Amino acid sequence: MIKCAHQKTGVHMPEDDGKLTDAEMKIVNKWLGEKWVRGSLCYVCGQSDWEVESYLAHAPLIRAGLIARLGEKAYPFILVICANCGHTVFINAVAMGISKGAA
Ligand SMILES: [Zn+2]
C-alpha cells in the first residue's frame, strides 16, 4: 500500500493551495491499485517503500526560444516518492482523473 507522504512524516507543506483532498487521494490510490502493478521495487535502490506526495507538482511547457516562467501552462503530476532514496515517479494527474489539464 502506498501512503500519503505527510501521514508518515507528519510534515505538512505551509500552503493549502494545491493540496490533494481526501476524495482526490482516494482516486489516486484507486488508480495506483489498478496501474502500479510493476512498480513495487524502486528502480534506484530496490526498496519498496513508496509514498504519494499530498500536493500536485507541475512541469512547465517550454516553447522554442522561451524560458519557462511562473504562470505559463504546465502539466500537473502526482509524485510517488521512494521513502528510502527519494527517487520520484511523476504520473500525469490528468490521466489519473485528478486535474482537468494544462493550467
Ligand atoms: Zn529508492
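Taking each residue as 0.36 nm, the span from V44 to L61 lengthens on full extension beyond its C-alpha to C-alpha distance by 3.4 nm. Here the label points at C85 and K19, each 7 Å from Cα along the C-beta direction, are separated by 3.1 nm in the simple model. Sorted fewest first by neighbouring Cβ atoms within 10 angstrom, D22, D49 come out as D22, D49. From most to least packed by mean Cβ count within 10 Å, the peptides 76-88, 26-38 give 76-88, 26-38. Peptides 42-48, 55-61, ordered by how many other C-beta atoms sit within 10 Å of their residues on average, highest first, read 55-61, 42-48. Extension gain, N92 to K30, is 20.9 nm, computed as 0.36 nm per intervening residue step minus the present C-alpha separation.
Every number in this text was worked out from the coordinates using simple rules, so none of it is lab data. Since the model is a prediction, treat every value here as computed from it, not as a measurement. Neighbour counts run over all protein chains shown; Cβ positions are idealised from the backbone, glycine included.
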